[in-house]
Amino acid sequence: MEENFCYVVFRLFGIGLSAMILANIKRNHSNKRKARNYLKILVLCLFLLGTDLIGHLFEDADNTFIRLLDKAFSGLYIAVFLVIAVQMVVYAYSFLDIEIHMRNRTLKKILEDGICLIPSTALTIIAYIDKTQTLAIATLLLYMVALYNDNQNELISLDPLTRLNNRNELTGYLWYKLSTPMRGRICILMMDMNRFKSINDTYGHVEGDQALIAVASCLKKACGGVPGRPFIARYGGDEFIVVMETESDLDAEHLCDYIHMTLAVENHRLKKPYNLSISIGWVRNEQNNRSIKKLLRRADIELYEKKRQFKERERTA
């Protein structure tokens, strides 16, 4: 009797926990693709818990019809469980940012893809071994809480419009990087959109938001192929910052050129009545500098000079 009571209470606890997370995610994240995929797994988890609980209530019945119902719910439980395992793999491949630092790119890709399979594989093995399914459900609930925590961290650390890192995340990242002996490898690219005020005034703030999103997308494309994956953040308004690690100044110059080229391609694709362009000022951190403020001030001075040159070219054109 006591074992049966614990069984039921644990399932009810899981249902209550999942329902609370579901309500919070729907309120705060309903317009985001990542959260919508998480919601699918969460709803399936709720359905699984309910199926397991109802199946357990029919388990020891003598009635033939109820025994058939018990078998039906058992089959439904297995089917839902397998769907959850597949959805977990899809979610991991699509949204979890897993990076292994290795020189061999093929092996790196295999290992990163392999890590995406670990949660669903482990859960399936536990479910196969565990006859009561208590450990399997506990593992699933822990995974749901971990994914919920990941979604909450994203809500805190990402800019909601551009889906880039926000200013707080940038500060934390720079604080960590400048505290390491490799701080002399850090390069800051500070960027400001050209004629952004004109876009807002002429075409409205909604179009201005679309311009910001397009620039953010170009920055992601341009930085995607750079070794070490540069850190991209929206600094505020129409300002962006890219943090990259390199020993060669040429790498920073090449990235600046590639960003400008990516924007030019995007302008050709979008065919907007205005052109997207940015001014970029970049500096390398001094080896003895640990001050974020000092580093950003130097980058801001370089950016101001680039903006001045851009305006000068516009006047003489």
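The values are calculated or read from the model by the stated rules, or taken from the named source; none is laboratory data. Only a predicted model underlies this, so the values are computations on that prediction, with no experimental measurement involved. We place every Cβ from the backbone using ideal geometry, glycine too, and count neighbours over all the protein chains shown. The protein model used for the area step is the full one, side chains on, heavy atoms only, and it has no ligands, DNA or RNA in it. Shrake-Rupley method; radii C 1.70, N 1.55, O 1.52, S 1.80 Å.
Does Thr106 fit the bill of being out of contact with any Ser or Thr (no Cβ under 7 Å at 6 or more places or on another chain), closer than 30 Å to Asn165 by Cβ and modelled with pLDDT under 85? It would help to see each step written out before you state the result.
Values: out of contact with any Ser or Thr (no Cβ under 7 Å at 6 or more places or on another chain): yes; closer than 30 Å to Asn165 by Cβ: yes; modelled with pLDDT under 85: yes.
Taking the combined requirement at face value, the residue satisfies it.
Restricting attention to segment 256-276, which residues are over 28 Å from the mean Cα position of the chain (by Cα), of a type in the set (D, E, K, R) and surrounded by 15 or more Cβ atoms within 10 Å (Cβ to Cβ)? Working first, answer last.
Kept after step one, since they are over 28 Å from the mean Cα position of the chain (by Cα), are these residues of segment 256-276: 268, 271-275.
From the residues that got through so far, the ones that are of a type in the set (D, E, K, R) too are 271-272.
Listed by number, the list holds a single entry, Lys272.
Among the residues of segment 116-174, those identified as among the β-branched types (Val, Ile, Thr), out of contact with any Leu (no Cβ under 9 Å at 6 or more places or on another chain) and assigned to a helix (DSSP H, G or I) are Ile118, Thr121, Ile125, Thr134, Ile156, Thr171. Restricting to segment 238-255, give me the number of residues that are open to solvent by less than 10 Å² (accessible area, probe 1.4 Å) and under 26 Å from Glu207 (Cα atoms). Residues that pass the stated criteria total 3.
Going through Leu49, Leu53 one at a time, which residue ends up being under 32 Å from the mean Cα position of the chain (by Cα) and modelled with pLDDT of 80 or more?
On the way: Leu53 fails: under 32 Å from the mean Cα position of the chain (by Cα).
The match here is Leu49.
Applying the set (1) at pLDDT 85 or above; (2) under 21 Å from Lys131 (Cβ atoms); (3) of a type outside the set (Val, Ile, Thr) to Ser18 leaves exactly one unmet item: (2).
Do we find that Lys71 is under 22 Å from Ile126 (Cα atoms), surrounded by fewer than 17 Cβ atoms within 10 Å (Cβ to Cβ) and at pLDDT below 85 in this structure? Let's see the steps before the verdict.
On the way: under 22 Å from Ile126 (Cα atoms): yes; surrounded by fewer than 17 Cβ atoms within 10 Å (Cβ to Cβ): yes; at pLDDT below 85: yes.
Criteria met by Lys71.
Before we move on, is Phe196 open to solvent by 10 Å² or more (accessible area, probe 1.4 Å) and on the phi < 0 side of the Ramachandran plot? Yes.
In segment 151-164, the residues that are exposed (fewer than 15 other Cβ atoms within 10 Å of the Cβ) form Cβ pairs under 7 Å with partners that are in a helix (DSSP H, G or I), at six or more places apart or across chains, as follows: Leu155/Asn28; Leu155/His29; Leu161/Asp209; Leu161/Leu212; Leu161/Ile213. Taking segment 126-146 as the range and being among the small types (Gly, Ala, Ser) and either at pLDDT 90 or above or in contact with a Gly (Cβ under 7 Å, 6 or more places away or on another chain) (or both) as the test, only Ala138 passes. Scanning segment 179-193 for residues that are surrounded by fewer than 18 Cβ atoms within 10 Å (Cβ to Cβ) and either touching a residue at least 60 places away in the same chain (Cβ under 8 Å) or charged (D, E, K, R) (or both) gives Ser179, Met182, Gly184, Arg185.
Look at segment 284-297: where a residue is more than 13 Å from Cys187 (Cβ to Cβ) and a partner is open to solvent by 30 Å² or more (accessible area, probe 1.4 Å), sitting 6+ places away or on another chain with Cβ atoms under 7 Å, you get Arg290/Ser179; Ile292/Thr171; Ile292/Trp175.
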